[in-house]
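In what follows, a single structure is set out as C-alpha cells and then discussed.
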4 protein chains.
Amino acid sequence: MLLKKLREEVLEANLELVRKGLVLYTFGNASGVDREQGLVVIKPSGVDYDVLKAEDMVVTDLDGKIVEGTLKPSSDLDTHTLLYREFTEIGAVVHTHSEFATSFAQAGLAIPAFGTTHADYFHGPVPVSLPLSDEAIQGKYVHETGLAIVARFKGIPAIDPMAVPACLVAGHAPFVWGKNAADAAHNAVVLEAVAKMAYRTLTLKASADEVSQALLDRHYLRKHGANATYGQG
Amino acid sequence: MLLKKLREEVLEANLELVRKGLVLYTFGNASGVDREQGLVVIKPSGVDYDVLKAEDMVVTDLDGKIVEGTLKPSSDLDTHTLLYREFTEIGAVVHTHSEFATSFAQAGLAIPAFGTTHADYFHGPVPVSLPLSDEAIQGKYVHETGLAIVARFKGIPAIDPMAVPACLVAGHAPFVWGKNAADAAHNAVVLEAVAKMAYRTLTLKASADEVSQALLDRHYLRKHGANATYGQG
Amino acid sequence: MLLKKLREEVLEANLELVRKGLVLYTFGNASGVDREQGLVVIKPSGVDYDVLKAEDMVVTDLDGKIVEGTLKPSSDLDTHTLLYREFTEIGAVVHTHSEFATSFAQAGLAIPAFGTTHADYFHGPVPVSLPLSDEAIQGKYVHETGLAIVARFKGIPAIDPMAVPACLVAGHAPFVWGKNAADAAHNAVVLEAVAKMAYRTLTLKASADEVSQALLDRHYLRKHGANATYGQG
Amino acid sequence: MLLKKLREEVLEANLELVRKGLVLYTFGNASGVDREQGLVVIKPSGVDYDVLKAEDMVVTDLDGKIVEGTLKPSSDLDTHTLLYREFTEIGAVVHTHSEFATSFAQAGLAIPAFGTTHADYFHGPVPVSLPLSDEAIQGKYVHETGLAIVARFKGIPAIDPMAVPACLVAGHAPFVWGKNAADAAHNAVVLEAVAKMAYRTLTLKASADEVSQALLDRHYLRKHGANATYGQG
C-alpha cells in the first residue's frame, strides 16, 4: 500500500475536523500531498467518519487520476489537486462547511482581521472568491472552484497562500491548507473560531476596525518564520 | 405485531433527532408509511425518548384510524397522514421544534438558498406556510396544519415536495419528509444546520443574495436523481 | 428529618437545571412548598451542585424562619416565600440566570409569544418587572424583588400566575414556578428554549408578530386544563 | 522544587479554563504569585493542556527572570509580571481568548454592567484598553500590553482593580485576575458568561440601560467585603 504514513496523517486530519465539531455527517474532506512522488491522498466520497480507515483513502496523481484505491475519491478532488499544482508550497488541503466560516462565504464577505487570534494564523483578511459564472458551474465545476480560489490569490494585490492559508468560496464554504495535514486541520479549526468572533464583532459594531498592520505583523511573525518566538520549538 | 421493520426504522429516526440535539424533552415526532399496506407507524404522544421502544409505536391507516397499539399516537398524527395522502412519493415525516428552523417559522420567513449546503438537499428556498385562520385553528387544527403545508406546495408556482422536502409552518415549526425514516431524519438535521447558517448570513448581511439557479441545480443534482455523483452508490 | 420526599424532589429539580445547562457554578436555586404543613424546602446558599444532598436542604416556614437545617438558605429565600404567600396555587419556585431569559431581563423586554412552543407552556408573553427603585434595593431587597414580580401579575390587566408561570426581573434574571418541583424546573428549561428562539426571531425580524389569540389558546389548552389532549394522561 | 502548592493551583486554574470551554488548543495561560518570596509561577508556552503537569510550570521573579524551569514561559509573561508589580493586591492572572469577551475586545467596546450576574463579580463596566501605538507594538510589546491595562485603571476616573478584576485589551482579548489562581479562573469564566449575555442584550436592544448604582452596589457587596452575605462563609 502506497504512502502509509500520509494516509494515517490524512485520516487523523479528517478525524480532528469531527472532534472539533466542524463537520456534520460526511460533509468535509481532507487530503495531503507527497511532493516527491507527486501523489495525493484524499478521503473517499460520502463514507462515514466513524468507519473511515487509512486504507480507505484514495491515492491519485496531481491531475486527479486514481493510482490506488477502490473507493471513489471525494467529489472535491479537482479543487484539491488544482490547489496543489498552483500553490506549490502547501502540503495538505481541508474543506469543511463549518458554520461561521460558511456563513461569511454565503454572505460573500471576507473575514476581517479583527484581532490577535486572527493575526496569529492569517496575515491579513481571509478573502472570499468571486461567485462562479453559470458557464463555470455548468462546465468543470470542481476545477473551476479551484480556479476561483487561485484567481483571488494571484489577483492585484496578490496574497501569499502560505501567509493566508484559507479562502472562502462565495456561496459555498471554506478551503484551508497548510504545511501538512495536521497543520491544515488546525488552521481550519482556528478559522472557524476566528470567523465566530468576527461575526460577533460585526454584529456588535458594524463599523469595527481591523487591527493595525503593526499588530498583524507582530502576531503573525510571533508564530511564523525564522524569528518565531511562540512555543517550545 | 405489524410492520416490525418499519417500527424499528421510525424508532431509530426519532432517536437520531435526539442524538443531533433537535428535540427537547418529548417535543418532536417521526412516522413512516408502508404504501403497500396503506399503514402508518408513528411515535406515541408525550413518551420519553429514553424509554421509547419499537413496540410502543402506534399503527394507523392513512386516515389516522388506529389499527394496532395501546398508546395514544402523536398529537400531530393528522398532519402526518394528510401529508402521506397528498405527497404520494414520500415514505416518512418528521416534525421537530429545532431552534433555528423554528425561529424562521416564528418570523414567518422562508429559508433562502444561500449556499451549496442548502442546495445539496433543498432545490430552492424552504417555504413557510401562511398563518392559519382562527377558523382553521378552532376547527380541525392538526388537519388544517397539513392543509397549510400542502397549499404552499400546490400554489403558484408549485413546489415539488420531493425536491424541497420540508416546510415551515408559520408561528409553529418545521415539518420535514423523505424517502424513508432515516432520510427524513437526515433532512431534518440538515435543515437545522442550513437554517443556522442562513440566520447568520442574514444577520451579517440582510441583503445577501441567494445562489444562482445554476449552482442550485449543480449541487442538488450532484446528490439526487439519475445522474447523482456523490458517495459510493 | 422533615419532608424527606419534598427534599428529594427539590434536589432533583436543582440537578435538572444543571443537566440542562441552565446554571453556572452555584448560580440558581429551587425550592418547594408543603402547603399542608406551611413549610418550604430550599437549596442552601453557594453549595456546589455536585456535592448537594437532600439532607443539605434548608426547611423554613412561609415567612422564611428556619425550622430545620444547619446551612444558610439560598440568598433568594425571601423572594421564594413571598411568591408562595401571594401565588397560593404554586408548589415550587426556580430561579436561574439562564443565558437567553436573562438577556431579555437585562434588556428590560418581555418574551413575546412568537410560536406554539411558547404557547404550549405560557398563555401569553412572559412579562418583565419594573426596575426596582433605589429605596427598594437598599431596603429589604430580596423581598422587594418578590413584590416587583407580584405587582406585575396583579397589575392591570392582571396575569394568572398559573397560566404564565414565569417572570423576568428587570436587570436581573427569571423566576419560574409550577405545580411541583419537577414542573417548575421543566418550565425553567422550556422558558430558556423559548427565550432563545424569541431572540433569534427578533434579530431576524424586529417587527415579527406574536401568534394569534386563537393559536395561543389552542396550544395552551392542548397541554393544560380539563380538556388537555397531549400525552398519555 | 519551588512553590509546589502554587504550581498545583496554577495548573488547576489552567485546567478549569479548558473544562469551561474558554481555551482552544494552547491559547490562554494562567499564573500565580507568591508575594512573600516575590516569585511567579506561570504556564509554559504552547504546551498541550492534556499533558501539562505541575512540574512543567516556570518560576520567575517579578521582573520575569527565570528562577526555575527548563521550558520557555508563556509568551505573555511580561504582561503578567507587570500586573503583579502594579496591582499589588492580586494573587493570580489569567489570559484567555474566550469567544464573547474577545469579541467585545475586538469591537473596542467595554462590557456594560447590564445585570446582577455582572454586578456580583464586577463593580462597574469591564473596561477596554486603548489600542497600542505602532511604537508600542514594535517595541516591548508584551510589556506595553500590561501598560495599556494599567493606564486604563489608573486613568481618570481611576478603577479599583480589586473591584473590577478584568480588562479587555483592544483588538486582542481579556486579562483577568483575582485573589488566587482559583479565583482568577472563576472570574474569567464568569466574565465570559457576562460577555455572552451583554452581547445578546445589546443585539436585542442597542440602547439597553446599565443597572443602577444602587443595584450594582447591592450585588457586588453581597459577595465581597466585610459585609458579604452570600454562601456559607
Practice problem: Answer with yes or no whether residue A:48 is in contact with a Ser or Thr (Cβ under 8 Å, 6 or more places away or on another chain), of a type in the set (Asp, Glu) and surrounded by fewer than 24 Cβ atoms within 10 Å (Cβ to Cβ). | Solution: yes
Practice problem: Kindly establish whether residue D:199 is under 27 Å from residue A:117 (Cβ atoms), aromatic (Phe, Trp, Tyr) and without any contact (Cβ under 8 Å) to a residue 40 or more places away in the chain. | Solution: no
Quiz item: Does residue A:117 qualify as being polar (S, T, N, Q), more than 14 Å from chain B (Cβ to nearest Cβ), crowded, with 23+ Cβ neighbours inside 10 Å and under 19 Å from residue A:191 (Cβ atoms)?
Solution: yes
Self-check item: Count of region B:72-82 residues which are open to solvent by 50 Å² or more (accessible area, probe 1.4 Å) and either of a type outside the set (Asp, Glu) or in contact with a Pro (Cβ under 9 Å, 6 or more places away or on another chain) (or both)
Solution: 1
Quiz prompt | Verdict on residue B:62 being open to solvent by 10 Å² or more (accessible area, probe 1.4 Å), within 14 Å of chain C (Cβ to nearest Cβ) and of a type in the set (A, V, I, L, M, F, W, C) | solution = no
Quiz prompt | helices (runs of 4 or more DSSP H) completely within region A:120-209 that count 3 or more residues being β-branched (Val, Ile, Thr) and away from chain D (no Cβ under 14 Å) | solution = A:141-153
Practice problem: Using the structure shown, decide if residue D:231 is within 8 Å of chain C (Cβ to nearest Cβ) and closer than 28 Å to residue C:73 by Cβ. | Solution: yes
Practice problem: Check residue B:225 against each of (1) closer than 24 Å to residue B:92 by Cβ; (2) within 14 Å of chain A (Cβ to nearest Cβ); (3) more than 19 Å from the chain's Cα centre (by Cα) and name the one condition it does not meet. | Solution: (2)
Quiz item: Using beta carbons and a limit of 6 Å, which pairs, at least six apart or on different chains, have the first residue in region C:137-157 and farther than 17 Å from residue D:116 by Cβ and the second one among the hydrophobic types (A, V, I, L, M, F, W, C)?
Solution: C:152/C:167; C:153/C:159
Quiz item: Out of all the residues in region D:28-41, is one or more open to solvent by less than 20 Å² (accessible area, probe 1.4 Å), of a type in the set (A, V, I, L, M, F, W, C) and within 14 Å of chain A (Cβ to nearest Cβ)?
Solution: no
Quiz item: Given (1) at pLDDT 95 or above; (2) open to solvent by 20 Å² or more (accessible area, probe 1.4 Å), where does residue D:167 come up short, assuming only one miss?
Solution: (2)
Quiz item: Does residue B:69 count as modelled with pLDDT of 95 or more, more than 26 Å from residue C:186 (Cβ to Cβ) and surrounded by 17 or more Cβ atoms within 10 Å (Cβ to Cβ)?
Solution: yes
Quiz item: In region D:83-99, which residues are open to solvent by less than 10 Å² (accessible area, probe 1.4 Å) and either within 11 Å of another protein chain (Cβ to nearest Cβ) or closer than 25 Å to residue A:114 by Cβ (or both)?
Solution: D:83, D:93, D:94, D:95, D:96, D:98
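To keep it simple, each residue is scored yes or no on (1) modelled with pLDDT of 95 or more; (2) surrounded by fewer than 18 Cβ atoms within 10 Å (Cβ to Cβ); (3) touching a helix residue (DSSP H, G or I) at 6+ places or on another chain (Cβ under 8 Å).
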site	(1), (2), (3)
A:183	yes, no, no
A:196	yes, no, yes
A:223	no, yes, no
A:233	no, yes, no
Quiz item: When you go through (1) touching a Pro at 6+ places or on another chain (Cβ under 8 Å); (2) away from chain D (no Cβ under 12 Å); (3) open to solvent by 20 Å² or more (accessible area, probe 1.4 Å) one by one for residue C:53, which number turns out not to apply?
Solution: (1)
Quiz item: Residues in region A:74-93 that are basic (Lys, Arg) and more than 11 Å from residue A:35 (Cα to Cα): how many?
Solution: 0
Practice problem: May I ask you to say which residue of B:75, B:103 is small (Gly, Ala, Ser), in a loop (DSSP other than H, G, I, E, B) and within 14 Å of chain C (Cβ to nearest Cβ)? | Solution: B:75
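The values are calculated or read from the model by the stated rules, or taken from the named source; none is laboratory data. Because the structure is a prediction, the values reported are computed rather than measured. Because the Cβ atoms are built from the backbone with ideal geometry, glycine has one as well, and the counts that use them run over all protein chains shown. To get the accessible areas, we keep the full protein, side chains included, count just its heavy atoms, and leave off ligands, DNA and RNA. Shrake-Rupley method; radii C 1.70, N 1.55, O 1.52, S 1.80 Å.
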